[in-house]
Amino acid sequence: MIAGLSSFNPYMTLSVVPLIIIAFLTQLTRTEAAATYLYHDCSNETSFEANSTYQSNLNHLLASLSSNATRNTIFFNATASSGNSDDALYGLFLCRGDVSVDQCRDCVDGANKDAVDRCPLRKAVVAWYDLCMLRYSNQYIFSNMVTDPGVFLVSSLSISEPDRFDLLVTDTLKDLASQVSSVGLKAKKYGTKEANFTARQTLYSLAQCTPDISSSDCNSCLQKAIANVPGCCSGKQGGRVLFPSCNIRYEVYSFYEKGNLSSPSPTPPPGSTTEGKGKISSVIIIAIIVPVSISAVLFVVVFCCLSKRARKKYNALQEENAGSTDLPTVESLQFDLAIIEAATNNFSDNQILGEGGFGVVYRGTLPNGQKIAVKRLSKGSGQGAEEFKNEVVLVAKLQHRNLARLLGFCLEGEEKILVYEFVPNKSLDYFLFDLERKRQLDWAKRYAIIRGIAKGVLYLHEDSRLTIIHRDLKASNILLDETMNPKISDFGMAKICGVDQTHGSTNRIVGTFGYMAPEYAFQGQFSVKSDVYSFGILILEILTGKKKSSFDQSDGVGDLAWQLWEDRTPLEYLLDPSMGDSYNRNEVMRCLQIALLCVQENPANRPTMASVVLVLSSHSTTLPLPQKPITYSTSSHADQQNESLSVLDSADQSSSKSRPCSIYEASITELYPR
């Protein structure tokens, strides 16, 4: 099946004769727009058998990509699956940002045929053409920034004053990269720029990223491409760097469309990096088109009249499904209970990974050998049908390397089960708060974990389809894969907001006390800045190797960190001693400053996650100086919180009306390591 693919085709009822004539005429005029091959890469290590299920899925996938190239879009991704994860196939195309719908369609159609011919029976393929790129793989490829394999193409013509020209190329491309990467997720991420080199020569530059990666990943990809220009293309009139996630190009002639997207691309001069193929004389084309067009005009009129209503309905359906075509269908996500029971040895205690407020997490193995994590929700837990639906719908749409990936679910009788990818290294707190295991977390790993968490939260706040507030960021909800890459998990308490909505309020406070921002814990007001506060607490825990509760037993959150920041006392007083001297002082101080800013009392004084990611990725970016954070301990507001949560509990939980509740017995849920 193709994820999100509609089988409706209004054109099947129309006459075949006019279609044949129109296709013949169109093919003659599109020869120059067809896929002009540049380079391809297909590994010999991943192959499939002819006439297999995988090949059937590949055929369906390529057909889906071709059919969706007819829409007014330069990028499309889709998933083909027969219900078995071993046969799942992920694919996408990216057309150059200035091309017309016809040019994009012709390039994708040509690429589909050409790539299969060049890489027969290969599972992982990426192929570049002058106007588009085609990529498919048996591994999940969406929303991940990739720069391998990389291709460098260079003009054979040299430039005068090469040093000055190279400097102009680098500066122009860097400006362009900043412009292209400044837009949000799903935006076009395409731009061009011109700069005068001499009185007669102009530099034309282009940069583009796949729209599914974040702004920060786009910028990183383009910067890496630009860094390769001096080594591959120095002193040449033109060059390209092609990566799966981005590409750049520069020439001394205009090779892109500035305004009229329906016009063909200009023909490059001899020796350039682009070579046209298959050109047909315009005289021959006219000689054929004129008489045939006169004969076909009546058929065309009939065709247009009959298809007008059908086309409108078809376009409406395509538009409706456009936002979900890269997602699995409900059928492909659903597991039978019998399969889950077999995978977990009938939910054996020996398979338990951890236990949380909403149920138990088990290790499991599917019949194909794939390892999974199974979250079995307690029948009497606080997470009912609404929370379960929330997590399934939400997590299925989230695709990022720093988020735990949902593989499916099971809903049979009273059983509500979520199936996640298995993450072998458990959670961050499993290492961070253990005297022996924390030694495996040197500063390089901790810094990478901080950056990964920041990127994951940024995706939730700004780069996903909707603004998502996690509301329960903490060490036990950060899973670590085999390379210690962090993955944010447990979205049962997440809040989905509108596109432009970044805050809200609630009468039901959920989360873990101590990680919650004060305005949320005491007033029920949440926002993206609530997650920023939790992220600040996480940084302090990662720096110190101590639990949040240990801060409360001293002078309050961040007091020790603030004293160190203000007095510039030695870092040894704050840092986890298990790291030894492995840390980078500048990176530690940068993280400390971010943490103190994140735990500011006023949400407006906390940074956005976009600025946090930028500071963690760039040594030249600066942040404002923090103010002393508030003292925020469980004891300081215990009476007030008891009273407020008792009222909320009586309103939300009718079964507990007569029983007094403490701050941990009400809606606040403390989850434990998985």
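The values are calculated or read from the model by the stated rules, or taken from the named source; none is laboratory data. For clarity, every value in this text was computed on a predicted model and none was experimentally measured. In this analysis, Cβ positions are derived from the backbone assuming ideal geometry, glycine residues included, and neighbour counts consider all displayed protein chains.
Selection of the range 565-608 for residues being over 13 Å from Ile539 (Cα atoms), hydrophobic (A, V, I, L, M, F, W, C) and touching a Phe, Trp or Tyr at 6+ places or on another chain (Cβ under 6 Å) yields only Met579. Among the conditions (1) part of a loop (DSSP other than H, G, I, E, B); (2) modelled with pLDDT of 85 or more; (3) β-branched (Val, Ile, Thr), the only one that Val615 does not satisfy is (1).
The C-beta contact set for the range 405-423 (first residue assigned to a loop (DSSP other than H, G, I, E, B) and surrounded by fewer than 17 Cβ atoms within 10 Å (Cβ to Cβ), second residue of a type outside the set (D, E, K, R) and modelled with pLDDT of 85 or more, distance under 9 angstrom, 6+ apart or interchain) comprises Arg405/Tyr140; Arg405/Tyr420; Gly413/Leu337. Look at (1) modelled with pLDDT of 90 or more; (2) part of a loop (DSSP other than H, G, I, E, B) and you find that Gln139 fails only one, number (1). For the condition out of contact with any helix residue (DSSP H, G or I) (no Cβ under 9 Å at 6 or more places or on another chain), modelled with pLDDT under 90 and not charged (D, E, K, R), Leu94 does not qualify.
Condition check for Arg96 on (1) buried (at least 21 other Cβ atoms within 10 Å of the Cβ); (2) in contact with a His (Cβ under 6 Å, 6 or more places away or on another chain): one failure, at (2). Looking at this structure, is Thr192 closer than 22 Å to Ser618 by Cα and hydroxyl-bearing (Ser, Thr, Tyr)? Criteria not met by Thr192.
Scanning the range 111-119 for residues that are in contact with a helix residue (DSSP H, G or I) (Cβ under 8 Å, 6 or more places away or on another chain) and among the small types (Gly, Ala, Ser) turns up nothing.
For the range 552-573, taking the residues that are touching a helix residue (DSSP H, G or I) at 6+ places or on another chain (Cβ under 7 Å) and within 25 Å of Asp472 (Cα to Cα), the one that is modelled with the highest pLDDT is identified as Trp562. Every test in (1) hydroxyl-bearing (Ser, Thr, Tyr); (2) in contact with an Asp or Glu (Cβ under 9 Å, 6 or more places away or on another chain); (3) farther than 14 Å from Asp175 by Cβ is passed by Thr210 save one, and that test is (2).
Checked against the criterion of being part of a strand (DSSP E or B), closer than 25 Å to Phe243 by Cα and assigned by TED's automatic domain parsing to the domain that holds Lys123, the candidates Asn59, Asn72, Asn77 yield just one match: Asn77. Taking the listed residues Arg508, Arg465, the one that is at pLDDT below 80, more than 21 Å from the chain's Cα centre (by Cα) and over 21 Å from Arg606 (Cα atoms) is Arg508, with no other qualifying.
Of the residues Ala187, Ala225, Ala199, the single one that is hydrophobic (A, V, I, L, M, F, W, C), modelled with pLDDT of 90 or more and either surrounded by fewer than 17 Cβ atoms within 10 Å (Cβ to Cβ) or in contact with a Ser or Thr (Cβ under 8 Å, 6 or more places away or on another chain) (or both) is Ala225.
Could you tell me how many of the residues in the range 354-387 are among the aromatic types (Phe, Trp, Tyr) and at pLDDT below 80?
Selection size over the range 354-387: 1.
Within the range 127-136, the presence of a residue that is part of a loop (DSSP other than H, G, I, E, B), surrounded by fewer than 21 Cβ atoms within 10 Å (Cβ to Cβ) and either modelled with pLDDT of 90 or more or not hydrophobic (A, V, I, L, M, F, W, C) (or both) is excluded. From the residues in the range 326-353 that are of a type in the set (Gly, Ala, Ser) and at pLDDT 90 or above, which one is surrounded by the fewest Cβ atoms within 10 Å (Cβ to Cβ)? That would be Ala338.
If you go through the range 176-205 and pick out every residue that is out of contact with any Asp or Glu (no Cβ under 8 Å at 6 or more places or on another chain), over 18 Å from Gly238 (Cα atoms) and not in a loop (DSSP other than H, G, I, E, B), you end up with 3.
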